[in-house]
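As structure tokens, the structure follows; a few thoughts come after it.
The values are calculated or read from the model by the stated rules, or taken from the named source; none is laboratory data. Remember, it's a predicted structure, so these values are computed and weren't measured experimentally. FYI the Cβ positions are ideal-geometry reconstructions off the backbone, even for glycines, and counts take in every protein chain you see. Calculation scope for accessible area: heavy atoms of the full protein, side chains included, ligands and nucleic acids excluded. Shrake-Rupley method; radii C 1.70, N 1.55, O 1.52, S 1.80 Å.
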Amino acid sequence: MKVNQTQLENLLELAATDLLILRSKNAIEELKRNPEHSEISQRLRASSASFLEANNKVETLQLELRRLETDVDLVEKRIVKDNASLRETSVVKNAQGIQHELKTLAKRKAELEDQELAIMEALGEAENEVAAASADRKLIEDELAAKTGELEAEFRKIASGLELTNSDRKQLADRIPAELLDVYVAKSKRGVPVGRLSHRECGACRISIGATALAEIMAKPADEIVTCPDCGAILVRV
């Protein structure tokens, strides 16, 4: 297969373009795996779990407080009823029984009210925990949103550049003969497909070519494809 210098230069440009495309794709993958974004997301999950735990604690205490309030209400109603019965009875034995029950109810009411106070104190602390957890979660959410926006902007920038580079590559590849392009693609699967020969160094593998091999390369016609004896890349001699 015969080649001219323009085609070889196009191969070099194509290799540079493919390298740029590869770097852009790698950059996009790095954005997807951004460690800072992952770390913030992990903190948000932990903060959300803390908020949920604190909120569940509040709900449990509220439920317990409502139960105590119901019990107190029942005791108060019983006290009112017993007091009414005490005023109406003229039987000493019945009056004594009612008075005993009133003392028991008064003691029970005091115990329930003490429990109510303890629950209300615990509820206040739990509500403070919820407020603190909510504020912490909001800060992390804002931090995550800012980082996500930053990464999305960077992604759009890289993706836009990648789209243009792919378009340039297509135009460049269209200028290269199909047979030569097939050789380029085949060599690309094994490593860098093409490099400029600079003095004795292969631009693809950066290895200096021996004097004998170099003499053989330089002796070949300018329109003949030559390759690096070490890496097999197409060499551009000018």
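Out of Leu12, Leu44, Leu20, Leu31, one residue alone is among the aliphatic types (A, V, I, L, M), within 30 Å of Val238 (Cα to Cα) and open to solvent by less than 60 Å² (accessible area, probe 1.4 Å). It is Leu12. The residue that is farthest from the chain's Cα centre (by Cα), among those in segment 191-238 that are more than 16 Å from Leu8 (Cβ to Cβ) and of a type in the set (S, T, N, Q), is Thr212.
Determine whether Arg156 is assigned to a loop (DSSP other than H, G, I, E, B) and free of Cβ contacts under 8 Å to residues at least 60 places away in the same chain. Answer is no for this residue.
The residue of segment 102-147 that is farthest from the chain's Cα centre (by Cα), among those that are farther than 22 Å from Glu64 by Cα and open to solvent by 80 Å² or more (accessible area, probe 1.4 Å), is Lys103.
Against the numbered list (1) open to solvent by 60 Å² or more (accessible area, probe 1.4 Å); (2) out of contact with any helix residue (DSSP H, G or I) (no Cβ under 9 Å at 6 or more places or on another chain), Gln99 comes up short only at (2). Among the numbered conditions (1) in a helix (DSSP H, G or I); (2) open to solvent by 80 Å² or more (accessible area, probe 1.4 Å), the only one that Arg190 does not meet is (1).
Every condition in (1) open to solvent by 60 Å² or more (accessible area, probe 1.4 Å); (2) on the phi > 0 side of the Ramachandran plot is met by Arg200 except one, and the failing one is (2). When segment 167-177 is filtered for residues that are loosely packed, with under 14 Cβ neighbours inside 10 Å and either of a type in the set (Lys, Arg) or within 14 Å of Ile21 (Cα to Cα) (or both), the ones remaining, listed by number, are Ser167, Lys170, Arg175.
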